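Undergrad: Below is a structure I'd like to ask you about.
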Amino acid sequence: MKKIFLIVVVLLFQNSFSKPISETQKLAATCKVWGFLKYYHPNVADGSKNWDEQLFQILPKVEEAQTSEAFSLVIENWVDSLGEIKKQETLKPAVKKEYFDKNFDLSWFNNKELFSKSLSKKLKFIEENRFQGKQYYVAYEFDSNGPPLQFKNEPKYADFKWTDKNLRLLALFRYWNYIEYFFPYKYQMDQNWDKSLNEFLPRIIAPESEKDFALAMREISIKINDTHASTQMTQMSEYFGDKFVPVDVKIIDQKAVVIGLKNDSLAKISDLKIGDVITKVEGKTIAQLLKENSKYVEGSNEPSVLKNAYWTIFNGKTPSFEIEFIRDGKTAVKTINRYKYQDLKIQFPDQEKWKILEGNIGYVNFGEVEEKDVPNLIAALKNTDAIIFDDRKRPHDVIYPLADWLNPVPVEYVKYVDPDVNYPGRYVWRKEEEKIGKVNPDNYKGKVIVLIDENAVSHAEHTAMALQTVPKATVIGSQTGGADGANTRFLIIKGFSSSFTCYGVFYPNKKEVQRIGIVPDVEINPTILGIQQGKDEILDRAILFAKNGK
């Protein structure tokens with residue numbers, strides 16, 4: 001009787017673990033294990049295995065596994081086949097590190113529905129005895145050319161065909177793990193990164209078409225909510241059109257307002273004028289088009305998405321199309337032209353680097369000033385009552401010499417976190433204080449005003465952070481792009497290139513900049529009426545503040 005009872009208990013236990021498992025569940029777990037072993041296992045991270053080939057060999061076995069128990073056994077046998085791992089002494093860094101761990105989570109080891117206790121234990125052992133040499137597949141070095149984060153030794157598959165399921169999965173697995181371990185702002189995503197993997201796997205496993213696969217690869221990159229991040233492929237112009245309108249627009253109140261002319265003559269042909277309010281494109285409202293297409297548009301926050309969405313609204317394959325627009329209070333419909341980018345012949349009029357406005361107020365066009373210009377700039381503006389730095393135009397590398405003049409003493413303005421490539425997924429606060437300025441009793445004594453909007457991204461945001469340390473500094477404008485830090489670019493696989501912000505940037509008190517952007521002291525947003533009247537409302541507000549301090 002006891003023997004029968006014992007058999008029943010064993011069978012019940014086995015049955016409780018041997019649950020059916022879906023293809024998405026299996027492949028999501030395989031993606032995680034493959035990426036973890038790639039960067040953690042001493043016999044993999046050293047580059048001694050053909051790691052892509054290992055994936056291709058394990059996938060058929062994963063597909064055959066019909067239960068969670070069978071799947072776990074496949075993965076455990078795979079881990080065992082990679083060779084012995086020597087137990088190491090407690091891994092203590094030579095220099096004590098202050099970790100930033102909001103991204104770090106290996107708790108999936110303990111998924112009892114997918115992994116046996118034995119497998120979970122082995123994965124934990126690998127973490128505790130992880131690879132400590134020079135990573136074969138990733139590097140983080142500031143002494144190299146380009147961004148510090150680089151993905152290395154990844155075959156690009158010159159003969160890549162979208163119909164090859166293994167290569168489609170490889171592309172997704174590579175990208176997902178790049179973000180999992182080396183994107184500093186993973187914790188700030190709107191959607192949990194695990195959920196994104198589960199959402200997109202079915203479209204990678206069995207895409208309806210090449211277009212569906214390609215757009216799935218773009219869409220998942222948009223999910224990381226980073227203005228620096230989007231995946232590009234050669235088919236993008238084929239899908240969305242390779243022809244552009246000859247004007248610049250700004251989305252305000254779900255309408256597209258013309259704010260600039262790329263080419264006066266071409267805009268005149270279509271009778272497009274600054275201040276025109278476009279309400280529909282080919283019968284669809286701007287709101288409808290944004291709802292349909294924002295999943296393809298990179299952006300850390302809503303202003304960034306609205307700024308970058310223009311091509312999904314106006315680009316097309318045809319040389320002309322119909323719009324509905326409002327001018328002088330009247331609504332009308334007409335056909336306007338599109339042009340290939342090279343045929344736009346965009347005009348870039350000469351602009352002043354700096355000038356003195358009425359009221360002894362200096363104005364600096366950051367987009368034009370270079371480091372060699374700084375001595376002359378200082379000489380020209382040192383006796384002004386206020387200086388307006390227009391940070392809506394991407395600055396050159398001029399902030400350090402400017403800060404030496406503007407600041408009376410050195411001051412910390414930023415903190416960084418860098419990925420720990422010997423403990424992937426973890427980040428470390430840089431020990432060195434990042435200060436700007438110098439001891440200068442003859443520093444500029446007037447008001448310093450910084451203009452910002454959604455066009456201030458990355459380097460411009462970094463510049464704004466530095467200027468915020470200046471005495472009497474005031475930031476005026478609207479929310480910035482929310483992507484501060486170096487932008488690393490890489491090829492996932494042939495035909496698919498991508499990018500994202502590769503290290504974390506924070507204020508000295510560790511307050512985030514990513515997604516939030518630079519918060520203005522005085523918020524002002526351009527209006528449709530202001531644009532139609534030819535006003536720069538942000539600059540006008542800054543001039544008013546320079547005059548009366550309010």
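Throughout, read-outs are computed from the coordinates displayed, never taken from laboratory work. What you see is a predicted model; the values in this text were computed from it and never measured. Note: ideal-geometry Cβ built from the backbone for every residue, glycine included; neighbour counts use all protein chains shown.
Undergrad: Please list the non-local residues whose amide H lies under 5 Å from the amide H of Asp420, H modeled 1.01 Å from N, same-chain partners needing a gap of 5 or more.
TA: Gly425, Arg426, Tyr427, Val428
Undergrad: Using alpha carbons only, how many degrees (0 to 90, rounded to 10) separate the axis of helix 210-222 from the longest principal axis of the chain?
TA: The two axes meet at around 70 degrees.
Undergrad: Straight-line reach from Lys547: which aspartates and glutamates have Cα under 16 Å away, leaving out those fewer than 8 places along the same chain?
TA: Straight-distance partners of Lys547: Glu358, Asp385, Glu537.
Undergrad: Continuing with the same structure: What pairs in Lys372/Lys535; Lys353/Lys535; Lys186/Lys223; Lys280/Lys307; Lys284/Lys317; Lys415/Lys438 have C-alpha atoms more than 22 Å from each other?
TA: Lys372/Lys535
Undergrad: Out of Pro207, Gln25, Val369, whose Cα points farthest toward the positive end of the dipole of the chain (charges: +1 Lys, Arg; -1 Asp, Glu; placed on Cβ)?
TA: Gln25
Undergrad: Would you work out which of Pro408, Tyr423, Thr227 lies farthest towards the positive end of the dipole of the chain? Charges go on Cβ: Lys and Arg +1, Asp and Glu -1.
TA: Tyr423
Undergrad: Let me ask something else about it. What is the magnitude of the charge dipole of the chain about its Cα centre, with +1 placed on the Cβ of each Lys and Arg, -1 on the Cβ of each Asp and Glu, and no other charges, expressed in debye to the nearest 20?
TA: Numbers: 76 positive and 75 negative charges, 222 e Å.
With Lys and Arg at +1 and Asp and Glu at -1, about 1060 debye.
Undergrad: What distance in nm separates the two pseudo spin-label positions at Lys547 and Ser48, each 7 Å out from Cα along the beta-carbon direction?
TA: Each label point is offset 7 Å from its Cα along the Cβ direction, giving 7.5 nm.
Undergrad: Return the percentage of antiparallel bridges among DSSP beta bridges fully within the chain, rounded to the nearest 5 %.
TA: Bridges in the chain that DSSP calls antiparallel: roughly 75 percent.
Undergrad: Here is a further query. If one takes the longest principal axis of the Cα atoms in the chain, at what angle in degrees, from 0 to 90 and to the nearest 10, does the Cα axis of helix 193-205 lie?
TA: For 193-205 against the chain, the angle is about 80 degrees.
Undergrad: Could you tell me which of the pairs Lys61/Lys165; Lys112/Lys195; Lys32/Lys61; Lys262/Lys295 are separated by over 20 angstrom between their Cα atoms in the structure shown?
TA: Going by Cα-Cα distance, Lys262/Lys295 fall outside the 20 Å limit.
Undergrad: Using per-residue counts of other Cβ atoms within 10 Å, averaged over each peptide, order 406-412, 511-517 from highest down. Could you put the intermediate results ahead of the total?
TA: Numbers: 406-412: 18.1, 511-517: 20.0.
By packing density, highest mean first, the sequence is 511-517, 406-412.
Undergrad: Where does each of 212-223, 287-298, 196-207 land if you order them by average Cβ count within 10 Å, highest first?
TA: Peptide ranking by packing, descending: 212-223, 196-207, 287-298.
Undergrad: Can you spot the aspartates and glutamates whose alpha carbon is less than 19 Å from Lys49's alpha carbon? Ignore those fewer than 8 places along the same chain.
TA: Glu76, Asp80, Glu84, Glu127, Glu154
Undergrad: For n ≥ 4 DSSP H runs only, could you compute -39500 (n - 2.57) per run for the chain, divide by its residues and tell me the 222 nm figure to the nearest 500?
TA: Calculated from helices alone, the mean residue ellipticity at 222 nm is -10500 deg cm²/dmol.
Undergrad: What's the angle, to the nearest 10 degrees (0 to 90), between helix 2-17's Cα axis and the longest principal axis of the chain?
TA: So the helix axis and the longest Cα principal axis differ by about 30 degrees.
Undergrad: Of Ser72, Asn103, Leu82, which is farthest towards the positive pole of the stretch 55-123's charge dipole, taken about the Cα centre with +1 and -1 on the beta-carbons of Lys, Arg and Asp, Glu respectively?
TA: Asn103
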